[in-house]
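Asker: Shown below is the structure under consideration.
The values are calculated or read from the model by the stated rules, or taken from the named source; none is laboratory data. All values reported here derive from a predicted model rather than from experimental measurement. Cβ: placed from backbone, ideal geometry, glycine included. Neighbour counts: every protein chain shown. In case anyone asks, the SASA skips ligands and DNA or RNA and just uses the protein heavy atoms, side chains included. Shrake-Rupley method; radii C 1.70, N 1.55, O 1.52, S 1.80 Å.
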Amino acid sequence: MTQKGIHGVWASRWTFVLAATGSAVGLGNIWKFPYMSGENGGGAFVLVYLVCICLIGLPVMMAEVLIGRRGRQSPINSMRFVTQEAGMHGIWTSIGWMGVIAGLLIMAFYSVVAGWALQYVWATASGVFTHMDPGQIGGHFSALLGNPSQLLVWHTIFSFLTAGVVALGVNRGLGAVANIMMPVLFLALLVLVGYSLLHGDFAAGFHFLFDFEIERLSWPGVLKAMGHAFFTLSLGMGAIMAYGAYMPAHASIARTVITVGILDTLVALTAGLAIFPIVFANPPLEPSAGPGLLFVSLPIAFAAMPWGAIFGTVFFILVSLAAWSSSVSLIEPGVAWLVESRKFRRPTATFLLTGIAWLLGISCVLSFNLWSEFKPALMLYKTPFDFLDFLTSQLMLPLGGLFIALFVGWCMRKAVVEREMDAEGHPIFDIWRFVVRFISPALVALVMILTLIDSF
Ligand code: PHE
């Protein structure tokens, strides 16, 4: 297996930052992070999440980019290349396979939630929320969840949008979208934080997010925070590996990854600071409202602020765009492999894989209505929606990350890793390598084992 001649390379390090940020910043930051913090004790969850980003997320992300750039192919074939180069057993290639499957499983529920965001573009634009009180806004969301055909329509539209980009080739236009979208999204979130400062209970929201109360923490909560660190950085499933394959040879992996990590974390914290003050200022709302939190809190602000309908529409368009630039990276690893190794045409591969995720997504659509009571023992008494989220965020991504860290830390030759990191003789390199060899894998394993023990 050779590594040469398969890929082009992006013009600059910045294009990788844009693509990777496009993948990382998405529903995970704006939808999932706030509601998970709300459900799992606020500040305690946030602190564990931040520690996981630093000690596990960023080091593993560097490892994942490194494999991608070394292999310069689809994640499965990059894994195969580095495995052979290191003279290791072919079983390590399963990291790539597991990633492809995880991507499709995530896409199944991701596109349903992105469908909610699309519905909210429509609803805000038509002024639905303008004269609603918080109770009615909650009612709108419940009504949406209770209507499977509506959910299915939006889920289908979002799946098509994703397939459209992947079929054209991810690295063609996506950079441009991210280039404009990210700053505007961030600006919109800052405006919402401003609104929360003026009209929400900002102090309560701030304390909730940043006061560390250890008694609110449980091992399952720690696993959720760790799993979310993987989810929000798009780690452990090959998305970042696929993008790393296009990274110019001499761009600094460490600096690039840290930039992406900072941007991603800033967006999540800003979203939290926008949402929780509104929650605390409107008593019927609870921080632990669950997956609907974003969709029942921010429309309260849009209903009350001048130009709220326009601003709200722009906001949900931005959320949908952010979800879009993430979802393409869920499908891309599998498509890249089918094109590269199975000689599929790109559109055929794309529609095949997006179709599988779409079909699975129907079980998530039905999780909120017809099948809300369907919680078989085999799925740990969870709905398909909750189960797929659990399976991917709390098991597959951390395991993928664990094996990536072990592979780069223990299997690849130090000289190769050092050269690929462009870090010959740099003291920080030794610290990073130590973290990837010992700290990150040990932490992932420890959290998973202690949670397992705790659950019995
Ligand atoms: N990181 C994305 C988000 O936060 C989700 C994602 C996970 C994308 C895994 C790709 C791979 O929304």
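Asker: Using each residue's phi in the range 378-390, evaluate 6.51 cos²θ - 1.76 cosθ + 1.60 at θ = phi - 60° and report the 3J(HN,Hα) Karplus result to the nearest Hz, with x for Gly and Pro.
Answerer: Coupling constants for the range 378-390: 4, 9, 6, 6, 10, 6, x, 4, 5, 5, 5, 4, 4 Hz.
Asker: Under 16 Å Cα-Cα from residue 414, which aspartates and glutamates qualify once same-chain neighbours fewer than 8 residues away are excluded?
Answerer: Qualifying aspartates and glutamates at Cα under 16 Å: 64, 85, 422, 424, 430.
Asker: Report relative contact order for the chain in percent, whole number only (criteria: Cα-Cα under 8 Å, sequence separation at least 6).
Answerer: 35
Asker: Spelling out what I want: for every residue of the range 51-56, take phi, set θ = phi - 60°, compute 6.51 cos²θ - 1.76 cosθ + 1.60 (Karplus), and round to whole Hz; glycine and proline get x.
Answerer: So the Karplus estimates, Gly and Pro as x, are 4, 5, 4, 6, 8, 10 Hz.
Asker: Are there GluC sites (Glu not before Pro) in the range 416-453 that DSSP puts in a loop and that have at most 11 other Cβ atoms within 10 Å, and which ones?
Answerer: Passing both the DSSP loop test and the Cβ count: 424.
Asker: Let me ask something additional. Would you kindly derive the ³J(HN,Hα) couplings of the range 67-78 from the backbone phi angles with the Karplus curve 6.51 cos²θ - 1.76 cosθ + 1.60 (θ = phi - 60°), listing them in order in whole Hz, with x for Gly and Pro?
Answerer: 4, x, 6, 5, x, 6, 9, 4, x, 4, 6, 5
Asker: Output the peptides 241-247, 403-409, 188-194 sorted from most to least packed, where packing is the average of other Cβ atoms within 10 Å over each peptide's residues.
Answerer: Taking the mean over residues of other Cβ atoms within 10 Å, the ranking is 241-247, 403-409, 188-194.
Asker: Oh, and also: Rank-order 109-116, 382-389 by packing density, defined as the average count of other C-beta atoms within 10 Å over each peptide's residues, highest first.
Answerer: 109-116, 382-389
Asker: What area, in nm² and to one decimal, does the C-alpha convex hull of the range 320-456 cast on average over all directions?
Answerer: 12.4
Asker: Measure nothing fancy, just the Cα-based angle from helix 134-145's long axis to the longest principal axis of the chain, in degrees from 0 to 90, nearest 10.
Answerer: Long axis of 134-145 versus the principal axis of the chain: about 50 degrees.
Asker: Once the chain is represented by equal point scatterers at the alpha-carbon sites, with solvent omitted, what log10 I(q)/I(0) does the Debye formula produce at q = 0.11, 0.12, 0.14 Å⁻¹?
Answerer: -0.83, -0.99, -1.35
Asker: Please enumerate, by chain and number, the lysines with C-alpha under 23 Å from the C-alpha of residue 343, excluding those fewer than 8 residues away in the same chain.
Answerer: Those lysines meeting the cut-off are 4.
Asker: Also, I was wondering about something else. For residue 433, what accessible area in Å² do you get when you roll a 1.4 Å probe over the heavy atoms of the protein chains, rounding to the nearest 10?
Answerer: That residue has around 40 Å² of solvent-accessible surface.
Asker: Which whole-angstrom value gives the distance between the alpha carbon centres of the range 394-456 and the range 220-253?
Answerer: Between the Cα centres of the range 394-456 and the range 220-253 lies a distance of 12 Å.
Asker: Specify the inter-centroid distance of the range 177-205 and the range 5-52, based on alpha-carbon positions, in whole Å.
Answerer: Here the two parts' Cα centres lie 17 Å apart.
Asker: For the range 64-115, treating each Cα as an identical point scatterer without solvent, what Debye log10 I(q)/I(0) comes out at q = 0.17, 0.19, 0.31, 0.32 1/Å?
Answerer: Values, matching the q order: -0.56, -0.64, -1.10, -1.14.
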